[in-house]
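The structure under discussion appears below in the form of structure tokens.
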Amino acid sequence: DARVTQTPRHKVTEMGQEVTMRCQPILGHNTVFWYRQTMMQGLELLAYFRNRAPLDDSGMPKDRFSAEMPDATLATLKIQPSEPRDSAVYFCASGLVIGVGEGNQPQHFGDGTRLSIL
Amino acid sequence: AQSVAQPEDQVNVAEGNPLTVKCTYSVSGNPYLFWYVQYPNRGLQFLLKYITGDNLVKGSYGFEAEFNKSQTSFHLKKPSALVSDSALYFCAVRDIGTGRRALTFGSGTRLQVQP
């Protein structure tokens, strides 16, 4: 079964440190999503890429967060500097969009990176 | 704007009984609707979707959902619950009529199936 792979699975670091989370989407998928899940806010969309181009990053704090896709097999989410309020589980998901059928196919989620900022 | 509401934080049901997890949505156009399930320490897994056509859609693990346009609802159902169905369930919507391409997820409903 093809899967979305996220690394690391767990990360504990001190406030102010840079954090980089990585995601390998399913081969052939052309959309990538980054979500953040917390008890208080639930599941929040941070960024959305199609064909490696960012289409929606309105949910991402721009001053400290950045998301990129250096190539089709790697997506990264960086936090610099990190703060305790960034503690959450970060999920990457990928999907396939063909033609005008955008949004009608399911997203495939990785198992997340559990981030703790001390 | 698109939004989705899951009015119940938790649903409790006995094994073997039917289960329903509720979802209502708000869109300006027509919706794409999805259900996902999340097990502990795992990502969300796709269960089923409504895009167009038959209002009753069937999905994985014996789950089904009924699209009701007049009530703007998309409730998840299963005729006979299993203990292994205990998990967190998310409803999600995309408004075809708007420019927002991504899904909006509900707050989740925890399903607890008692033996």
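The values are calculated or read from the model by the stated rules, or taken from the named source; none is laboratory data. Everything quoted here is computed from the prediction, not taken from an experiment. All Cβ positions, even for glycine, are placed from backbone atoms using ideal geometry, and neighbour counts span all protein chains on display. Calculation scope for accessible area: heavy atoms of the full protein, side chains included, ligands and nucleic acids excluded. Shrake-Rupley method; radii C 1.70, N 1.55, O 1.52, S 1.80 Å.
Across peptide A:109-116, the mean count of Cβ atoms from other chains lying within 10 Å of each residue's own Cβ comes to 3. Using R0 = 35 Å, the C-beta based FRET efficiency linking B:Asn55 and B:Asn17 works out to 0.90.
Can you give me the % of accessible surface on segment A:34-111 that is carbon or sulfur? Probe 1.4 Å, all protein chains present, nothing else counted.
On the way: 1950 of 3580 Å².
Of all accessible area on segment A:34-111, carbon and sulfur atoms account for 55 percent.
Building the convex hull from the alpha-carbon atoms of segment B:12-67 and averaging its projection over directions returns 5.1 nm². Cross-link partners for B:Lys58 among the lysines, with Cα-Cα distance under 21 Å and sequence neighbours closer than 8 places in the same chain left out: B:Lys22, B:Lys49, B:Lys69, B:Lys77, B:Lys78.
Remark: relative contact order (chain B) = 38 percent; criterion is Cα-Cα distance under 8 angstrom and separation of 6 or more residues.
What the Cβ-Cβ distance of A:Ser87 and A:Leu27 gives, at R0 = 30 Å and to the nearest 0.05, is a FRET efficiency of 0.45. When the label point is put 7 Å from the Cα of A:Ser116 along its Cα-to-beta-carbon vector, which residues of segment A:73-94 have a backbone N closer than 16 Å? Flagged as within label range: A:83-90.
Please compute the contact order of segment A:41-118 in relative form: average sequence separation of alpha-carbon pairs under 8 Å and at least six residues apart, divided by the residue count, as a percent. Walk me through the intermediate numbers first.
Numbers: 99 pairs, mean separation 16.9, N = 78.
The normalised contact order for segment A:41-118 reaches 22 percent.
Write down Rg/Rh for segment A:1-105, rounded to two decimals, with Rg from the C-alpha atoms and Rh from the Kirkwood relation over Cα pairs.
Reported Rg/Rh (Cα atoms, Kirkwood Rh): 0.97.
Placing R0 at 45 angstrom, the Cβ-Cβ distance between A:His10 and B:Ser70 gives a FRET efficiency of 0.45 after rounding to 0.05. By a 1.4 Å probe calculation restricted to protein chains, A:Ile26 has an accessible surface near 20 Å², given to the nearest 10.
I want to verify the translational diffusion coefficient of the protein assembly as shown in µm²/s; compute it with Stokes-Einstein, Rh as the Kirkwood radius over Cα pairs, at 37 °C and 0.692 mPa s.
179
Computed over protein heavy atoms with a 1.4 Å probe, the carbon and sulfur contribution to the accessible area of chain B reaches 48%. Per-residue accessible area (protein heavy atoms, 1.4 Å probe) orders A:Met39, A:Met15 as A:Met39, A:Met15, starting from the largest.
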